[in-house]
1. Please order 217, 132 by the number of other Cβ within 10 Å, starting at the fewest.
2. For the range 106-227, just say rounded, prolate or oblate: build the C-alpha gyration tensor, square-root its eigenvalues into a ≥ b ≥ c, call rounded for a/c under 1.5, and beyond that prolate if a/b exceeds b/c, oblate if not.
3. Would you list 59, 177 from fewest to most Cβ contacts within 10 Å?
4. Subtract the Cα-Cα distance of residue 51 and residue 285 from 0.36 nm times their separation in residues, and report this length gain in nm to one decimal.
5. Please label the shape of the range 185-232 as rounded, prolate or oblate, based on the square roots a ≥ b ≥ c of the eigenvalues of the alpha-carbon gyration tensor (a/c under 1.5 means rounded; beyond that, a/b larger than b/c means prolate, else oblate).
6. How many angstrom separate the Cα center of the range 134-168 from the Cα center of the range 260-301?
């Protein structure tokens, strides 16, 4: 699958995209459906297989405007950035991801590729935001041409600078026949397709998660692992595991959240919020300030 989901690929195709591995409890209704005829709205077998998950949508902006010969290398570049990001999350953020997975294969089994981006399924919005931060850090390194590996140097020279947009949504998902289905993916694709300003957008359910579990998303400015563990959600986490973002130092330097409008998805109205964050990271004795999103409050169209 090479076409970007938010421009050329039908949304239904995104939802049905086959994954190599699926750790969610699989929905297998065939045997029950063989036994008798059920009336409308009387079949509840599926209820045990529907889970609430967070989806992170990533899209390389204006992919279709690249010359065809350069488009060929965009999935290669995205794959390299993805491997770098997942490796860092596994190594440097195993506190945040300790209940999610500790291998790149596990991350990939929860990723739906669209060639120039894709949809990563997480357990909660904090995991999604953590992944975004490191992904954008590697994008910034690409744009500054500071890689030393030959493959990244060549990709930098071929493709040049790239811009990305991100969306985080939280809703229901279920697994059937090694595929993921559900409104969390549909909503994410619709919001991502509406943004033309390279922002980091959230739906209200994702913002509600931060309100419920860390009081407000702005508390990222002051929270460390000890603060996270005061929440019921993180109470049984192993504090000995590592988190570069939530160690004793404060790494978030700004967090701004604004409601910018709403969109319709099927029969649902989605409230959409614009999140802009800055993070300071010290890596290899160098300081990096990473900005994700922007403060442009223009509505989504």
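What follows is calculated from the coordinates using simple rules that are stated; it is not laboratory data. Note that the structure is a prediction, hence the values are computed from the model and not measured. Cβ sites come from the backbone with ideal geometry, for glycine too, and all protein chains shown count toward neighbours.
1. 217, 132
2. oblate
3. In increasing order of surrounding Cβ atoms, one gets 177, 59.
4. Contour length minus the Cα-Cα distance gives 80.1 nm.
5. Prolate.
6. With the range 134-168 and the range 260-301 each reduced to a Cα centre, they are spaced 19 Å.
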